[in-house]
Amino acid sequence: MTEMAGQDILAEVLQRNSSLFQSPRETQETKDLPEGIQTCVEASTVQVFKTMCGIDLTRNERIDGRCDAFNFDASGIVTITGATQATVAVRFPKQLALACTNALLGKTSDRIDEEVVDVIGEIANMVVGGAKERFAAPNLTLGLPLVVTGSGHRVLMPPQVNILSSLFSSASGDCIVEIGIKPSADSRE
Amino acid sequence: MKVLVVDDSGVMRKIIVRALNACGIKDTFEARDGVDGWTQFQATPFDLVLTDWNMPEMSGLEFLKEIRGSGSTVPVIMVTTEGEKGRVIEAIQAGVTDYLCKPFEQEDLQRKLDKYVAV
């Protein structure tokens, strides 16, 4: 058995972080803006799909608001609480959800079953976890992932929440990541 | 060799168990949160534990503290999205043996397991 000393563990994780986050990490100025959060979420989304599922996502356009132009079959939703309060929804068409499940579990399915739901929740969890690391604001806490399924379902957020949408394409279908950011008390004044 | 895998995500448990099987480890046990993990840990002498951090009921960190509080020196690998320096230090102070950040390449997991798995 080999045991890593604490300093070795820390060095290894920090080295990983520096190699992963050198480009998307934001400056202090832009980090405070919703676009800073969006950039972190986008970078994390691309990384999670590539690393865990071997799926190359290309980010296409950004939309200021919700995107109702596409029909999605499942959404993985995770909340962030703390100094920044946000909700992130990773929205999947069935084909992409099944492709991710096949890549992660080696399982072929033709419907969104319990395992597919679990995959969607885990992907959403990793996307938001990675974004939180990139955003590097202290004391942010993630909620447990929630998954909503159903063809054409909608994810609604309260009216006071600013919504930013990022559209991605892949060989297995397009997906959208919606970020709902609650304005801070300062910005509402 | 008995290995306990603790994660609230069934997907993640399956991925880890599959990697353990690839190392020749068939004696794997699964728990869905820290409470379940701690109950199993008290009942069975494990040779290796892999645990997530963020779980309902009892977190991986609390679970780790229970393990170390019991006097056990079993290797515990934290497999988590928590990669911030402060969080890693927290886990080290609680007695974690090794650390793997999600998302990870399959080879990264395999490399970690190879270090602790003696078939």
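Laid out as a table, the results:
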read-out: The listed residue being open to solvent by less than 30 Å² (accessible area, probe 1.4 Å) and touching a Pro at 6+ places or on another chain (Cβ under 8 Å), out of A:G143, A:G129, A:G121; value: A:G121
read-out: Leading residue by the ranking (most open to solvent (accessible area, probe 1.4 Å)) among those in the stretch B:18-34 that are within 18 Å of B:V74 (Cβ to Cβ) and not polar (S, T, N, Q); value: B:E30
read-out: Test set (1) open to solvent by less than 60 Å² (accessible area, probe 1.4 Å); (2) closer than 25 Å to A:G6 by Cα; (3) at pLDDT 95 or above - B:Q40 fails condition number; value: (2)
read-out: Residue check, A:I179 in contact with a helix residue (DSSP H, G or I) (Cβ under 8 Å, 6 or more places away or on another chain) and in a strand (DSSP E or B); value: yes
read-out: Scope the stretch A:11-42; condition open to solvent by 30 Å² or more (accessible area, probe 1.4 Å), at pLDDT 55 or above and assigned to a helix (DSSP H, G or I); matching residues; value: A:A11, A:E12, A:L14, A:Q15, A:R16, A:S18, A:S19, A:L20, A:P34, A:E35, A:T39
read-out: Search result, residues across the stretch A:71-118 that are open to solvent by 50 Å² or more (accessible area, probe 1.4 Å), among the hydroxyl-bearing types (S, T, Y) and away from chain B (no Cβ under 14 Å); value: A:T108
read-out: Criterion violated by A:S151 - all others in (1) touching a residue at least 60 places away in the same chain (Cβ under 8 Å); (2) open to solvent by 70 Å² or more (accessible area, probe 1.4 Å); (3) more than 14 Å from every other protein chain (Cβ to nearest Cβ); (4) over 17 Å from A:S75 (Cα atoms) satisfied; value: (4)
read-out: Elements of type strands (runs of 3 or more DSSP E) contained in the stretch B:1-110, each with 3 or more residues being within 13 Å of chain A (Cβ to nearest Cβ); value: B:76-80, B:98-101
read-out: Scan of the stretch B:79-104 for residues that are without any contact (Cβ under 8 Å) to a residue 60 or more places away in the chain and either closer than 20 Å to A:V119 by Cα or of a type in the set (K, R) (or both), ordered by number; value: B:T80, B:T81, B:E82, B:K85, B:R87, B:L100, B:C101, B:P103, B:F104
read-out: Members of the stretch B:15-71 that are hydroxyl-bearing (S, T, Y) and more than 19 Å from B:K102 (Cα to Cα); value: B:T28, B:T39, B:T44, B:S70
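The values are calculated or read from the model by the stated rules, or taken from the named source; none is laboratory data. Note that this is a predicted model, so its numbers are computed, not measured. For neighbour counting, all protein chains shown are included, and Cβ atoms are generated from backbone atoms with ideal geometry for every residue, glycine included. Side chains included, ligands, DNA and RNA excluded: accessible areas come from the protein's heavy atoms. Shrake-Rupley method; radii C 1.70, N 1.55, O 1.52, S 1.80 Å.
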